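Below is one structure, written out as structure tokens, with a few remarks after it.
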Ligand SMILES: C[S@@+](CC[C@H](N)C(=O)[O-])C[C@H]1O[C@@H](n2cnc3c(N)ncnc32)[C@H](O)[C@@H]1O
């Protein structure tokens, strides 16, 4: 696979008859942002850290097909694998065995040089295995990781992020606030649902939501603010909602927010560049 400094460049993908889930066109926005952040991260920190590890929870199969078309695109793991400034290690966790098997074959095809741990299973259950796959740090060997969390829903448990954050990790998190949380509000508000409590790591979230509603009844905004507060509890810098990129579908309906969380101010400088670049691209292509 040719290496590139341009995070928007990827070699043509051809159908290999392996599983290739359909995605909306807007998945490309997400992939571009993740690839650009990963390239800024990897090139920006390489002098200071001995090891850079890229982790993707919810990794998929490596290839996707754009809904309603024959166009195949590389998923985020392959986009990151092609970057010129390589990571030393890659960890991909995927729940569906057939998708992970396809990923393994594609990674071997496109990036045979890469040191990759493929972890099969639910990332919330496999978090210890993921931690073990991150190279051990020592006083003479500094390890910094970037973890992209890319679920379809709000199924990522804060406890998983907490366990991972015992290592030095920056997190890019897709918060499925509209395509899941808002749509399923009537289910998640029920006393028997633990989904929001698990996402926020906050069993008493319903009381805070009631308080919040005195001024604002925007449930996605409440979740975004509360999730950022929970991340602050892990030592991340404050992350205002307006820095979380809102991604919409073709009909201009909000789907999710993509948010960066780090303990290091420099990470937010990189993220700022990603947000500016993305806005410039959208203006250029009028999307
Ligand atoms: C949005 S797709 C991600 C695709 C990939 N990140 C990309 O952009 O190319 C979400 C993936 O997460 C997988 N998945 C769902 N629940 C999971 C879980 N609890 N742990 C790990 N993977 C999961 C699904 O099978 C699906 O492949």
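Relative contact order for the chain: what percent, with Cα pairs under 8 Å and sequence separation of 6 or more?
Contact order relative to length: 18 percent.
Extension gain residue 194-residue 115, at 0.36 nm per residue separation less the Cα-Cα distance, in nm?
24.8 nm
Looking at the chain only, what percent of DSSP beta bridges run antiparallel? Nearest 5 please.
Of the beta bridges lying entirely in the chain, close to 35 percent run antiparallel.
Normalized C-alpha radius of gyration of the chain, against 2.2 N^0.38 Å?
0.97
Just to be sure I follow: if Rg is taken over the C-alpha atoms of the range 1-150 and Rh is the Kirkwood radius over the same atoms, what is Rg/Rh?
Rounded to two decimals, Rg/Rh equals 0.96.
Arranged from highest to lowest average of other beta-carbon atoms within 10 Å per residue, in what order do the peptides 263-275, 219-231 appear?
The peptides rank, most packed first, as 219-231, 263-275.
Given the peptides 154-162, 180-188, arrange them by the average over their residues of other C-beta atoms within 10 Å, most packed first.
154-162, 180-188
Given the rule -39500 (n - 2.57) for each run of at least 4 DSSP H residues, summed and divided by the residues of the chain, what is its mean residue ellipticity at 222 nm, to the nearest 500 deg cm²/dmol?
Theoretical 222 nm ellipticity from helices: -11000 deg cm²/dmol.
Angle, helix 97-110 long axis vs. longest principal axis of the chain, Cα atoms, 0 to 90°, nearest 10?
40 degrees
Cut-off 10 angstrom, C-alpha nodes, Gaussian network model of the chain. Which of 117, 61, 262 fluctuates the most?
Looking only at 117, 61, 262, the largest GNM fluctuation is found for 117.
For residue 108 and residue 211, what does the FRET efficiency come to when R0 = 41 Å and r is the distance between their Cβ atoms, rounded to the nearest 0.05?
It comes to 0.20.
Please compute the modelled spin-label separation between residue 276 and residue 18, points set 7 Å along Cα→Cβ, answer in nm with one decimal.
The answer from the label model is 3.8 nm.
We did not get these values from a lab; they are worked out from the coordinates using the rules stated. Here the structure is a predicted model, which is why all the values come from computation and not from measurement. As a convention, Cβ positions derive from the backbone with ideal geometry for all residues, glycine included, and neighbour counts pool all protein chains shown.
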